[in-house]
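First up is the structure itself, then whatever we jot down about it.
Read-outs throughout are calculated quantities, based only on the coordinates presented, and are distinct from any laboratory measurement. As the structure is a prediction and not an experimental result, all values here were calculated from the model. Note that we place each Cβ from the backbone using ideal geometry, even for glycine, and neighbour counts take in every protein chain shown.
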Amino acid sequence: MILDPGESTAAGHPDCDICIVGAGPIGITLALELAAHGLRVALMESGGETPGTSGQDLTDGTTTGDPYPPLVAARLRGLGGSSGHWGSWCRWPTQVEWTGRPWLSGSGWPVPYDALAPHREVAENWVDLEPGTWEPIDRPSEVEGFLQSRTRFSPPTRFHRKFDRELRESDRIQIRLGTTVTRLITKGDAVREVEFRTATGDRPERLRADTVVIACGGLESARLLLLSPMDHGRPPGDAGGWVGRGLMDHVKVPVLDSIGSPAEFRTTGLFGEPGSKIHLAPREELLREHRLLPCRFEFVPRAEPDFAQDEVFPALGILREALYGTAGTTRGSRVLMRVDPVARRECRIELGTTRDRLGQPQTRVVWSIGDQERRAIERAPILLAAALRAAGIDHCRVSGAPAGSDAVFGRSPVIYGHHHYGTTRMANAPEHGVVDTDARVFGVANLYIAGPGVLPDSAGFPTMIALALARRLAWKIAGVSAPG
């Protein structure tokens, strides 16, 4: 059942088993899983039926530190959330990535690599991928010191379309559109009520639920915790001071130019196949020797790609054209580098001094590119260029750098993934994170968080991992045991 703001108020606020905050990909699939186990779900969504069409101004905020994209363009409010402009990249981490690297403090996961195995196939189906996509394919390449690594693509799936009928026909899910959760009211060690405002109401209202799940993205989930101090005066889960901290995002930058024609590089397989992309990734031995952050290099012919029009922000095509070139041109090829960062406490979201139209403090992102990211961006392209030359590909140069210079960073435009990992990070103990290995907020008996914010490591792409974690959480809440 889907209710608009007026219908939501008229329906009153009956108690429910589960209240989920946010009806993006994670909130939708979590609600469907919980309903399938017989639970009554209230799904609270600040936006309307189509992502980005209403309530979008509430996503705005400010940034400080190194330049960072406008927050209002990074996330969509509305049914389906940010799947409305999802780029559809899907890659599962390797076991080494999941375990972490000894020279990278804080890397890796606090749960076993196979913990999400029972949920992978279902998550594949949710994003319309063929079975087997989960397994990362890393294979030898002709470029010494580097592997070929495959990334797959969803069609992409727009969740507000894919699950529209199921959501409307469910008698256990009540979706309240135009409903912005503004505070969690706690007493003792539990959430007692959820406070919210509707688009048509002029005063806060409240709803009771046995269990609350925050699923409104890495920025807004942390913001809601910061807006909900407990009796002791600190946000839920903040015993270790990690709420909002450890913000990570993928950094992508052009690093090599003029490396050959598209036809030449198609023969190497580095452009992948339909529905996939092949990257070159440094071998573990190379990363360990130079103590580098993990990274991947994407080979892009200047005549490609033919991008699908962005549904909500058409201007993003201009940025893509600047990075990749216009379809039909013949300007050679270039290499883009993507860096997987590690969590740093100084990168964070906090409550700013400006307020939204509901009177709530807006999000302020404090962002910087760390020394490890800078070193990877400066060093890894030089290693790749040398390996390409050794493989017989000698017509390449570092992007934007003058002849004879190895400088990279600061000479090329930076693009971010808008992935927002780590702001409510998962950990084994409260001094190291915000949620435990079941995604329950430390110190609060009935509060959970789902979505990219709980991811403690930036390996892979967040959507598939977060979806599998959401299904695992649904099983936990419903009391379902995993096979074996």
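Tabulated data
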item: For the stretch 1-105: rounded, prolate or oblate by the Cα gyration tensor [a/c cutoff 1.5]; result: oblate
item: Exposure proxy ranking, count of Cβ atoms within 10 Å, fewest first, for Lys162, Lys187; result: Lys187, Lys162
item: Local electrostatic count, Thr29, Cβ distance below 11 Å [Lys/Arg +1, Asp/Glu -1]; result: 0
item: Overall form of the stretch 55-190 per C-alpha gyration tensor (a/c, 1.5; a/b vs b/c); result: prolate
item: Relative packing of 348-354, 284-290, 120-126, 15-21, which averages over residues the other C-beta atoms within 10 Å, highest first; result: 15-21, 120-126, 348-354, 284-290
item: Cut-off 10 Å between beta-carbons: net charge of the residues surrounding Arg206, Lys and Arg +1, Asp and Glu -1; result: 0
item: For Asp4, Asp171, Asp438, order by how many other beta-carbon atoms lie within 10 Å, fewest first; result: Asp171, Asp438, Asp4
item: For the stretch 65-80, Karplus couplings with θ = phi - 60° (6.51, -1.76, 1.60), whole Hz, Gly/Pro x; result: x, 5, x, 9, x, x, 5, 5, 8, 8, 9, 10, 8, x, 4, x
item: Interchain or long-range residues, amide H under 5 Å from Arg77's placed H; result: Gly52
item: Radius 14 Å from Cβ of Gly240, net charge of other residues (Lys, Arg +1; Asp, Glu -1); result: +2
item: Listed residue (Leu177, Leu147, Leu129) projecting farthest to the positive dipole end of the stretch 118-223, Cβ model; result: Leu177
item: Ordering of 292-298, 26-32, 179-185 by burial proxy (mean other Cβ atoms within 10 Å per residue, highest first); result: 26-32, 292-298, 179-185
item: Most to least packed among 414-421, 112-119 [average Cβ atoms within 10 Å]; result: 414-421, 112-119
item: Calculated from backbone phi, Karplus (6.51, -1.76, 1.60) coupling profile of the stretch 125-130 in Hz, x at Gly/Pro; result: 5, 4, 9, 6, 9, 6
